[in-house]
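Take a look at the structure below.
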Amino acid sequence: MRVTLGAGQHAAKVTREEEKSSGSCGARPGSWRCAGLALAALISAAASAQTTPEQSGFADFAFASELGSGIYSIDGRTIQVYQLPLYYRLRKAAPYGGRPGIKITLPVTFGFFNFQPSDLLHLDIPTSVNALSLEPGVELDYWINDSWHVYPYVKGGVTWGSSSQINATIYGTGVRSDYRFEAFDAYGLWRAELVYAGVRYHDAALPNDYFTRLRNGVELRRTVDWNWDERKSQFAPYVFGDYYFHAPEDPASGLSSRSFQFEVGLMWGLAPMPKILGLDLPRLGIGYRSAGTLSGWRLVIGDPF
């Protein structure tokens, strides 16, 4: 599978008739329906700015859980990938190097092929899931100081594709460091992560694969007085770089085999973010990733790294 880290093929257009049928947003600029239409329009506008790098005929999502939520272009088709970061906290961390916190992670990743951003405007919901993975794990939380936390973790699970031939067992372990700071009147996050992840296909004819990656990323969140439904807007430029000590060898993995790659982009959200069923709605953003033949634009849903 070659992933171009891009968006859809065409920008969606809302006609006057559609605006009338969806309700008078002009009369109620702060309504959640209008907010949804505005976010969909943002995605659609960004989707028109994509590149078309070299592609191949693979359609495998062995490392879908490592891609991150977003809209990607794969072999001329688009796929929308979502990650639900479900978890259960068994114990909170004690401060300043005390007893670590314990969290049971239950992340679920799923994707829909042939997604178009204009589907959001018409509330068209996909009827089938084309990629699904479940990779539960255990994560510890070491509270080093008020600005710095370290999270070692281990996880393992399964992934299912649109074809049973590419079903696989996935696993990984690593350690993540989050350091928070203030700079330029903004709240910053410096995240460093070392991860080892692998895949073992259920079909013996397919080669197993793994990778080892060091990631460093920085994000600066700044709140501005641009209100939406009494919530302030928050913009966050970000950049991260990945170095693969061992890159995936199988092009069907969905990850670039280039040793060094980076991404730069801009996120947008509200402060605080509204909730649905107790979960924060994801932020939106757009970024450009330099990754050799897999370079291109990515529409970001949630966190950039």
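Within a 10 angstrom radius of the beta carbon, how do R289, R298, R221 rank from fewest other beta carbons to most? Present the calculation step by step, with values, prior to reporting the outcome.
Values: R289 22, R298 26, R221 17.
Fewest-to-most Cβ neighbours within 10 Å comes out as R221, R289, R298.
Rounded to two decimals, what is the ratio between the C-alpha radius of gyration of the stretch 164-208 and 2.2 N^0.38 Å?
Working: Rg = 18.3 Å, N = 45, 2.2 N^0.38 = 9.3 Å.
Cα-based Rg divided by the globular estimate yields 1.96.
What FRET efficiency comes out for F245 versus A271 if R0 is 51 angstrom and r is the Cβ-Cβ distance? Round to the nearest 0.05.
Numbers: r = 38 Å, r/R0 = 0.74.
Efficiency computed from Cβ-Cβ geometry: 0.85.
Any read-out appearing in this document is the output of simple, stated calculations on the displayed coordinates, not a laboratory observation. Bear in mind that the values here come from a model prediction, so they are computed numbers and not experimental data. Cβ sites come from the backbone with ideal geometry, for glycine too, and all protein chains shown count toward neighbours.
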